[in-house]
Amino acid sequence: MTPVAPVTPVAFPPAFLWGAATSAYQIEGAVREDGRTPSIWDTFSHTPGKTAGGETGDIAVDHYHRYRDDVALMADLGLSAYRFSISWSRVQPTGRGPAVQVGLDFYRRLVDELLAKGIKPAVTLYHWDLPQELEDAGGWPERDTAYRFAEYAQIVGEALGDRVENWITLNEPWCSAFLGYASGVHAPGRTDPVASLRAAHHLNLAHGLGTSALRSVMPARNTVAISLNSSVVRPLSPTQADLAAVRKIDDLANGIFHGPILRGAYPETLLAATRSLTDWSYVQDGDLTAIHQPLDALGLNYYTPTLVSAADETVRGPRTDGHGASEHSPWPGADDVAFHQTPGERTEMGWTIDPTGLHDLIMRYTKDAPGLPLYITENGAAYDDKPDPDGRVHDPERVAYLHGHLSAVRRAIADGADVRGYFLWSLLDNFEWAYGYEKRFGAVYVDYATQVRTPKSSALWYARAARTGTLPDPTETA
Ligand code: PNW
């Protein structure tokens, strides 16, 4: 892995949050309990051929029943924050109308348990599990879904705003729009480039309307943010043609969200590059103002950089952008771009390990969104972990990954970035979407047959980092 130069002082700011993240469908299970109805991920995972081995989130890691033990585990690890998401269809089974109180009660109990242990909850309202009824009505390509989201945001804000301070509207809208509606490797599995661009706009609108709805019902001290999977897009060579490819993918990955959200406009270059597909007439008067709400923070999710070039005949062919196998591109209007594997060591996902990308990303937003506090809301690695005969789980690769990326965060802080916290993905091994249970991202190992949780050596290493506010030597793991 590319080393990031060591920094002095090595200590993180005292108020830095040492967190871990999860999402509802990936961990909760209990999909038919207490009035919950199917989301698009229930439908998708139960459709043959959509996930590895036909795996589903029906049981997942049974967090719905084991949340107390899971919070106790977080407290043992000394975490100062926990980011989780709310299952929309537990709260509003049809995606509209009045809330189901038992659904909200589960999250109230979870939050109270966290607060009792001194762990700061950070709530994500939407981590990809749209109520199926809303998809049946057209899903994110339809404008009404944004209005439904604002109503849902208001319900959850009213219910939990008194005890949860930190709010995130959407997780990685890029994945929802382009993996869900263009490449189809995520739910709802549609492959329509125009629908994916409409979805992106309505996700932006949902973020803006949802932010206003939250603010209208919550104490002013609460913070609202969004988590973007902000790609670090690099050229294969510094030629004009490759730099044009970078511009195109950067617009489709990043500008399409942070343009309207942070600046109140879609990038002109994005509109021009997609003009042959869509006239963007679904962007109505007033939408950009609604989307461009003041934010209290920005969440960045980072795993690996993206390497592109102009496509010529020799490099067209199998797609290698690491976004899953599909004949349909998640990049509308970018058939003239080729994707390449960044050289270097890779994780089990095939994603190249490159902490310099995280440093670059943080510095980019430090420049582009001056004054906006940043949180790393996801970062982590999948490995093929297995317990040793003594039952312990050693994952030195993950320790090295975390050490490398946290060093990059520390260096960015030294370079002037205002990074307030880090949430490792993920607390527990869990349902890794189309990959099912095959990819383990957890700092805590889960034996899926028994649901027994065992902290891996990375969890113990991270616990020491959280306790001391510095990064222990990665070779010194328990
Ligand atoms: C993120 N990509 O997913 C999600 O927020 C998590 O739920 C997920 O478990 C984690 O990262 C690990 O995958 C992504 O194709 C899925 O670029 C796919 C991509 C990026 C992030």
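The values are calculated or read from the model by the stated rules, or taken from the named source; none is laboratory data. Just so it is clear, the structure is predicted and the values come from calculations on it, not from any experiment. No Cβ is skipped: glycine too gets one built from the backbone with ideal geometry, and neighbour counts run over all protein chains shown. Accessible surface is based on the protein model in full, side chains and every heavy atom, while ligands, DNA and RNA are left aside. Shrake-Rupley method; radii C 1.70, N 1.55, O 1.52, S 1.80 Å.
Quick one: would you say Leu424 is closer than 19 Å to Gly78 by Cβ, in contact with a Ser or Thr (Cβ under 9 Å, 6 or more places away or on another chain), outside any loop (DSSP other than H, G, I, E, B) and among the hydrophobic types (A, V, I, L, M, F, W, C)? Break it down stepwise before answering.
Numbers: closer than 19 Å to Gly78 by Cβ: yes; in contact with a Ser or Thr (Cβ under 9 Å, 6 or more places away or on another chain): yes; outside any loop (DSSP other than H, G, I, E, B): yes; among the hydrophobic types (A, V, I, L, M, F, W, C): yes.
Yes, satisfied.
Can you find, within segment 123-141, the residue that is nearest to Ala297 (Cα to Cα) among those that are in contact with a Phe, Trp or Tyr (Cβ under 6 Å, 6 or more places away or on another chain) and either hydrophobic (A, V, I, L, M, F, W, C) or within 11 Å of the ligand (Cβ to nearest atom) (or both)?
So the first thing to find is which residues in segment 123-141 are in contact with a Phe, Trp or Tyr (Cβ under 6 Å, 6 or more places away or on another chain), and the list is 123, 129, 131.
Still in the list and also either hydrophobic (A, V, I, L, M, F, W, C) or within 11 Å of the ligand (Cβ to nearest atom) (or both): 123, 129.
Numbers: Val123: 13, Asp129: 23 Å.
Per the criteria, the residue is Val123.
Tell me whether segment 65-79 contains one or more residues that are at negative phi, buried (at least 23 other Cβ atoms within 10 Å of the Cβ) and assigned to a loop (DSSP other than H, G, I, E, B).
Yes: one or more hits.
State yes or no: is Tyr401 outside any loop (DSSP other than H, G, I, E, B), open to solvent by 30 Å² or more (accessible area, probe 1.4 Å) and within 16 Å of the ligand (Cβ to nearest atom)? Walk me through it before giving the result.
Details: outside any loop (DSSP other than H, G, I, E, B): yes; open to solvent by 30 Å² or more (accessible area, probe 1.4 Å): no; within 16 Å of the ligand (Cβ to nearest atom): yes.
Answer is no for this residue.
I'd like to know if segment 444-454 contains one or more residues that are closer than 30 Å to Asp42 by Cβ, open to solvent by less than 10 Å² (accessible area, probe 1.4 Å), within 16 Å of the ligand (Cβ to nearest atom) and of a type in the set (A, V, I, L, M, F, W, C). Working first, answer last.
To start, the set of residues in segment 444-454 that are closer than 30 Å to Asp42 by Cβ comprises 444-454.
Filter once more, so that each one left must be open to solvent by less than 10 Å² (accessible area, probe 1.4 Å): 444, 446.
Adding the requirement that they be within 16 Å of the ligand (Cβ to nearest atom) leaves 444, 446.
Now restrict to residues that are of a type in the set (A, V, I, L, M, F, W, C): 444, 446.
There is at least one residue in segment 444-454 that is closer than 30 Å to Asp42 by Cβ, open to solvent by less than 10 Å² (accessible area, probe 1.4 Å), within 16 Å of the ligand (Cβ to nearest atom) and of a type in the set (A, V, I, L, M, F, W, C).
Residues of segment 342-354 being surrounded by fewer than 16 Cβ atoms within 10 Å (Cβ to Cβ) and either at pLDDT below 95 or within 14 Å of the ligand (Cβ to nearest atom) (or both), which ones?
First pass over segment 342-354, keeping only residues surrounded by fewer than 16 Cβ atoms within 10 Å (Cβ to Cβ): 343-345, 350.
Residue satisfying the conditions is Gly350 alone.
Residues to consider are Ser212, Ser237, Ser227; find the one that is within 16 Å of the ligand (Cβ to nearest atom) and either surrounded by 20 or more Cβ atoms within 10 Å (Cβ to Cβ) or of a type outside the set (A, V, I, L, M) (or both). Give the derivation first.
Values: Ser212 fails: within 16 Å of the ligand (Cβ to nearest atom); Ser237 fails: within 16 Å of the ligand (Cβ to nearest atom).
The unique qualifying residue is Ser227.
Kindly provide the set of residues from segment 289-341 that are open to solvent by 70 Å² or more (accessible area, probe 1.4 Å), hydroxyl-bearing (Ser, Thr, Tyr) and modelled with pLDDT under 95, ordered by number.
The answer is Thr314, and nothing else.
Would you mind telling me which numbered condition in (1) in a strand (DSSP E or B); (2) over 30 Å from Pro121 (Cα atoms); (3) not polar (S, T, N, Q) Leu252 fails?
Of the numbered conditions (1) in a strand (DSSP E or B); (2) over 30 Å from Pro121 (Cα atoms); (3) not polar (S, T, N, Q), the odd one out for Leu252 is (1).
Output the residues belonging to segment 361-374 that are away from the ligand (no atom under 14 Å from the Cβ) and either of a type outside the set (Val, Ile, Thr) or within 13 Å of the chain's Cα centre (by Cα) (or both). Outline the logic, then answer.
The initial filter retains those residues of segment 361-374 that are away from the ligand (no atom under 14 Å from the Cβ), namely 362-374.
Of everything in segment 361-374, those that are away from the ligand (no atom under 14 Å from the Cβ) and either of a type outside the set (Val, Ile, Thr) or within 13 Å of the chain's Cα centre (by Cα) (or both) turn out to be Met363, Arg364, Tyr365, Lys367, Asp368, Ala369, Pro370, Gly371, Leu372, Pro373, Leu374.
Would you confirm, using the coordinates I've provided, whether Val393 is of a type outside the set (Lys, Arg), modelled with pLDDT of 95 or more, in a loop (DSSP other than H, G, I, E, B) and surrounded by 18 or more Cβ atoms within 10 Å (Cβ to Cβ)?
Details: of a type outside the set (Lys, Arg): yes; modelled with pLDDT of 95 or more: yes; in a loop (DSSP other than H, G, I, E, B): yes; surrounded by 18 or more Cβ atoms within 10 Å (Cβ to Cβ): yes.
The answer is yes for Val393.
Is there any pair linking a residue in segment 128-153 that is farther than 17 Å from Ser196 by Cβ to one that is open to solvent by 20 Å² or more (accessible area, probe 1.4 Å) and among the β-branched types (Val, Ile, Thr), with Cβ under 9 Å and at least six apart or on different chains, and which?
Pro131/Thr37; Pro131/Thr94; Gln132/Thr37; Gln132/Thr43; Glu133/Thr37; Glu133/Thr94; Ala153/Val217
Within the group Asp162, Asp112, which residue is part of a helix (DSSP H, G or I) and farther than 25 Å from Pro260 by Cα? Give the derivation first.
On the way: Asp162 fails: part of a helix (DSSP H, G or I).
The unique qualifying residue is Asp112.
So, in segment 105-121, of the ones that are open to solvent by less than 10 Å² (accessible area, probe 1.4 Å) and under 16 Å from Glu165 (Cβ atoms), which residue ends up nearest to the chain's Cα centre (by Cα)? Give the steps one after another, and end with the answer.
Our first condition is that a residue be open to solvent by less than 10 Å² (accessible area, probe 1.4 Å); within segment 105-121, this holds for 106-107, 110-111, 114, 119, 121.
Adding the requirement that they be under 16 Å from Glu165 (Cβ atoms) leaves 107, 110-111, 114, 119, 121.
Working: Tyr107: 20, Leu110: 21, Val111: 20, Leu114: 21, Ile119: 20, Pro121: 16 Å.
My answer is Pro121.
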